[in-house]
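Notes for the one structure printed next.
Read-outs throughout are calculated quantities, based only on the coordinates presented, and are distinct from any laboratory measurement. Computed from a predicted model, the values in this text were never measured in an experiment. Note that we place each Cβ from the backbone using ideal geometry, even for glycine, and neighbour counts take in every protein chain shown.
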Amino acid sequence: MESTHYEPRPGNGRAHVHRPAKGNGKKNLVVCPYCRETDQVIPILYGYPTHTQFLKADRGEVYLGGCEITPYSHYCKRDDREF
């Protein structure tokens, strides 16, 4: 005869529901080290972009960095520089 072993779940038995952290409504803005502004800074995407990413690049929401990954993660449209 095989015995069954039951271990209760830790806590109150309910599944953990992930809730986003509550913030103060402000975005974490990246500051350009050259002009010290935040309004023209966009993220750099590396690799082959999808159709949606091409559209975002056309709108100026992201900068396409190509297939060769560099240590830069952001681009300033005002200064035309990666950082």
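Just a few scattered comments:
- Amide N of the range 60-83 lying under 11 Å from the label point, which is placed 7 angstrom from the Cα of Y34 along Cα→Cβ: 75-83
- The fraction of Cα-Cα pairs per 10 angstrom bin, counted from 0 for the range 41-82, comes to 33, 56, 11 percent, rounded to whole percents.
- Cα→Cβ-extended label distance, 7 Å offset, between T70 and T52, nm: 2.7
- Residue-wise HN-Hα coupling along the range 33-50, computed from phi with Karplus coefficients 6.51, -1.76, 1.60 (Hz; x: Gly, Pro): x, 8, 9, 6, 10, 10, 6, 10, 8, 10, x, 9, 9, 10, x, 7, x, 7
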